[in-house]
1. With the requirement that a residue be out of contact with any Asp or Glu (no Cβ under 9 Å at 6 or more places or on another chain) and either part of a strand (DSSP E or B) or surrounded by 15 or more Cβ atoms within 10 Å (Cβ to Cβ) (or both), what does segment B:250-260 give you?
2. Is it true that some residue in segment B:160-176 is under 13 Å from B:HIS213 (Cα atoms), in contact with an Asp or Glu (Cβ under 7 Å, 6 or more places away or on another chain) and either in a loop (DSSP other than H, G, I, E, B) or touching a residue at least 24 places away in the same chain (Cβ under 8 Å) (or both)?
3. Residues of segment B:32-54 being touching a residue at least 60 places away in the same chain (Cβ under 8 Å) and within 11 Å of chain A (Cβ to nearest Cβ), which ones?
4. Which one is nearest to the other protein chains (Cβ to nearest Cβ) among residues in segment A:22-46 that are surrounded by 10 or more Cβ atoms within 10 Å (Cβ to Cβ) and more than 24 Å from B:LEU8 (Cα to Cα)?
5. Determine whether B:GLU70 is among the acidic types (Asp, Glu) and under 21 Å from the mean Cα position of the chain (by Cα).
6. For B:SER11, only one of the following conditions fails: (1) within 14 Å of another protein chain (Cβ to nearest Cβ); (2) touching a strand residue (DSSP E or B) at 6+ places or on another chain (Cβ under 8 Å); (3) hydroxyl-bearing (Ser, Thr, Tyr). What is its number?
7. Being without any contact (Cβ under 8 Å) to a residue 40 or more places away in the chain, within 14 Å of chain B (Cβ to nearest Cβ) and either loosely packed, with under 10 Cβ neighbours inside 10 Å or not charged (D, E, K, R) (or both): is that true of A:GLN16 here?
8. Name every residue in segment B:1-31 that is assigned to a strand (DSSP E or B) and touching a residue at least 60 places away in the same chain (Cβ under 8 Å), in order of residue number.
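The values are calculated or read from the model by the stated rules, or taken from the named source; none is laboratory data. Note that the coordinates shown come from a computational prediction; the quantities given were computed from them, not determined experimentally. No Cβ is skipped: glycine too gets one built from the backbone with ideal geometry, and neighbour counts run over all protein chains shown.
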Amino acid sequence: MSSNSTLTAMRRTVEQLKLEASVERIKVSQAAADLQQFCLQNASKDSLLVGVPAASNPFREPRSCTLL
Amino acid sequence: MAMRQTPLTCSGHTRPVVDLAFSGITPYGYFLISACKDGKPMLRQGDTGDWIGTFLGHKGAVWGATLNKEATKAATAAADFTAKVWDAVTGDEVLTLAHKHIVKSVNFTQDSNFLLTGGNDKVLRIYDLSKPEADPQEIAGHTSAIKKALWCNNDQQILSAADDKTIRLWDKNTQEAVHTLSFDASVTSMEYIPDGEILVITYGRTIAFYNAHSLDLIKTVDAPASIHSASLHPEKDFFVAGGDDFKLYKYDYTTKEEMESYKGHFGPIHTVRFSPDGELYASGSEDGTLRLWQTAVGKTYGLWKCVLPEELSSENSEVLYCPPAEIKA
């Protein structure tokens, strides 16, 4: 029954729209300022800026193991 | 003292921005509406460029958009042969006015009671917004598509620019053309400044200023490239213009000298307008962005904050580069 499936499709759309409407929104200028502040404050924890210690780096150059 | 101009780039549109308009100054600040070929005009906070909302409903490119003085109503003109009136506070479509061809221009009267429309059907229409079902008053006379239609002289007269290379001044009551100006080239834009009764017109590489009552020429200024739009500062100290070479030019109105030019856009500039307080001007381009430029570069206003070289940290602002002489090694 196509009317039944459109009804369920419509209901799903309404639910989705309700979710989207309840999302918290802030102004772009505020978001940009927050992002900038977050990046500056967490710069010391940023691996791309500070680098990863060789010991914990899973992608370091593999050193050959010598078998005794 | 040369400060670098850092424009605020407002993205969001997916096609060229063809028209923009500011509201008056309201208790909530001032607002700006942009018309775009993607059919989705956007409302933005005027001093920061923050997106507020998008008016959804048009089924074709939106060629003209305007706000009323109080920023409570918006009107748009589109290629879907309709002009729409919107509630600018809720974003709801209030009225759809069907036309017989592409509508290019919309303009509210000062009291927001009447809407003037003009488009490719060559007829100017005046809608009484308190009686929307009633037929509009029609003014015919142009021999080709109308590009821009504006109320002027206390909403008693109408100025219209069309592809027939004329600008006509009409009396609203007699519906007759009081004055006609003819040009050799198509007029690309028109702006009316009520305080001072000045009309700003652009055609070819020229920006021309006329008296809005008599249509007497005040002065003309030639630019290095083809100009699509120009706007005069509310205090009439300068005017800005933009066109085919992607640059924005700033001129001194009194001396006609070119003061500055700014690069930034990635496509021809279709529209420029000064904000109602004159502190910034907005430009809309083929590249789909709007850029807000400071009139007084270096001034702290909106999102711009002047930072001197000694203070290297700044939040919530665009950092402006300050004169090299003050930088310490």
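1. B:GLU260
2. yes
3. B:ARG44, B:ASP47, B:THR48, B:GLY49
4. Step by step, filter segment A:22-46, then rank; the result is A:ALA43.
5. yes
6. That leaves (2) as the condition not met.
7. Numbers: without any contact (Cβ under 8 Å) to a residue 40 or more places away in the chain: yes; within 14 Å of chain B (Cβ to nearest Cβ): no; either loosely packed, with under 10 Cβ neighbours inside 10 Å or not charged (D, E, K, R) (or both): yes.
Here the answer is no, as A:GLN16 does not meet what is asked.
8. Filtering segment B:1-31 for residues assigned to a strand (DSSP E or B) gives B:8-10, B:17-22, B:26, B:29, B:31.
The answer is B:LEU8, B:THR9, B:CYS10, B:VAL17, B:VAL18, B:ASP19, B:LEU20, B:ALA21, B:PHE22.
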